[in-house]
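Accompanying notes for the structure given below.
The values are calculated or read from the model by the stated rules, or taken from the named source; none is laboratory data. Note that the structure is predicted; figures quoted are calculated from it, not measured. Neighbour counts run over all protein chains shown; Cβ positions are idealised from the backbone, glycine included. Accessible surface is based on the protein model in full, side chains and every heavy atom, while ligands, DNA and RNA are left aside. Shrake-Rupley method; radii C 1.70, N 1.55, O 1.52, S 1.80 Å.
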Amino acid sequence: MELIVARPEGLYCTAGDFYIDPWRPVERAVITHAHSDHARVGHGHYLAHTDSEGTLRARLGADIPLQTLPYGETVEHHGVRISLHPAGHVLGSAQVRLEHGGRVWVASGDYKLEDDGTCAPFEPVRCDTFITESTFGLPIYRWPSQPELFAEIDAWWRANAAAGRPSVLFCYAFGKAQRVLHGVDASIGPIVVHGAVEPLNAVYRAAGVRLPDTRRVSDESVNAALLKTALVLAPPSAQSTPWMRRFPGYSDGFASGWMQLRGTRRRRGVDKGFVMSDHADWPGLQKAIGATGAECVYVTHGSVAVMVRWLAEQGLDARSFKTEYGDEDAEATAEAPA
C-alpha cells in the first residue's frame, strides 16, 4: 500500500489520515511553506515549521489552528512518524519526512540547494520514496551563483544611481524580496519597498534574518531627491500600474528564474532581467534527488514528463502525481496592491 496517494483534495497520507499541502479544505494539513499554492485557507488543523508561523498567520489569518515543529523533531499521528527538514526555499520551508511500517517517504514541497542566508539551507534526507517538484526541470535552467547574481544587481543599481534614476526591481513579495534585501550592497543608496513587501520583511526580521533598513514609499523621508538613488522593490503586480508614476525616469528589472528565457524577458518589457529563483535548477534537482538515495521518485509539478523520463533513464521507479501546485508566476496573483 502506498503511504501517499493523490486525491481530489491533495496529497493524502493513507496511514496517517492527513494531507500535505492540500489545495482543498481538509481536516488535517501538513504545510511545507507559506506560498499561496501550498498553504491555503480553510483547513481544520495545520502543522508547519516554527519559522512559518509568522508568514502563515500573515497570509491565512492570525487565528488559524496551527501547530509548529522545529526541524528534526518528530511527532506521531496514527502511527506515522512525521518530521520536518530544511528545504532552502523560503523562511520556514520544509521537506516532510514520513516513516511508517519500516518505509520512509519524503515530500519536498519546493526547494533550492544554494544557501541564500534568509532561511535554513536545504538538507538531503535519505528515503525510499521522494516526492519532488520540477518547476525548472529542463537542462536550460542553470542559475548563477549568489555572488554572481548580486554583483549584477548591484552594478545595475549603482549605474542607475549615478545617472540619478530610481531602480525598480520587480520580485515576489515573499521570499524573493527578502533574498534581494539580504544580498544587495545597501551602501549604494536607500531602499524603498512596496506595501506588500514590508509586512513580510517584519516577519523575516522577527525570525532573526538580517535585512537592511527599508522605507515605504509613503514615508515622509521619501522624496524625489531620495528616489533618484533608491532601489525600489515591488511585486510583479505593480508593473504598469499608477503606483509606478511615483518614480519618474526609472529603470526597471525583473528577478525570476524565467528570465533565463529571452522570450520571457522580452514579454515582461523591462530594462533588465536577473536570473534568480527560489527553486532548484536542473543540476540542483538532479543532485537533490540523487542525495536522497530514493529508489522511487514522484514528480508533482513543473516539467513533469521530462523529469520522469530522465529519472527512468537513470534506472529509478519514476512516477508523477497530478497536483495544483503552481510556479513562481503563481505568486504574482497573491500579492496585494498597496
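Details
- At full extension, VAL306 and ILE140 could sit 58.5 nm farther apart than now, given 0.36 nm per residue minus the alpha carbon distance.
- Nearest-0.05 FRET efficiency for LEU261 and ASP213, computed from C-beta distance (R0 35 Å): 0.55
- Pairwise FRET efficiency - HIS45 versus ALA163, Cβ, R0 = 35 Å, nearest 0.05: 0.05
- Extension gain (nm, one decimal) between LEU226 and GLU152, 0.36 nm per residue minus Cα-Cα: 24.4 nm
- Relative contact order, percent, segment 13-166 [alpha-carbon distance under 8 Å, six or more residues apart]: 15 percent
- Cα centroid separation, segment 68-111 to segment 293-314 (Å): 20 Å
- Theoretical FRET efficiency, 1/(1+(r/R0)^6), r = Cβ-Cβ of GLU9 and HIS78, R0 22 Å, to 0.05: 0.80
- Stretch gain in nm, segment LYS287-GLU123, where the contour uses 0.36 nm per residue and the Cα spacing is subtracted: 57.9 nm
- For the chain, accessible area per residue (1.4 Å probe, heavy atoms of protein chains only), Å²: 40 Å²
- Per the Cα gyration tensor, the chain maps to an equivalent ellipsoid with semi-axes of 36, 22, 16 Å, ordered largest to smallest.
- Computed over segment 188-338: relative contact order in percent, which uses C-alpha pairs under 8 Å that are six or more apart: 21 percent
- When nucleic acids and ligands are ignored and a 1.4 Å probe is applied, ASP271 ends up with an accessible area of around 100 Å².
- Entry note, segment 54-134: relative contact order of 23 percent, from Cα contacts under 8 Å with a spacing of 6+ residues.
- Three principal axis extents describe the C-alpha atoms of segment 13-111; from largest down they are 38, 27, 19 Å.
- Pair-distance distribution of segment 189-338: all C-alpha pairs, bin width 10 Å, starting at 0; shares per bin in whole percent are 9, 29, 29, 19, 11, 3, 0.
- Distance from the C-alpha centroid of segment 8-65 to that of segment 177-194: 31 Å, rounded to the whole angstrom.
- Antiparallel %, DSSP beta bridges [both residues in the chain], to 5: 35 percent
- Heavy-atom accessible surface of segment 45-116: percent carbon and sulfur, 1.4 Å: 44 percent
- Backbone N within segment 10-41 under 16 Å of label point (7 Å from CYS296 Cα along the Cβ vector): 11-16
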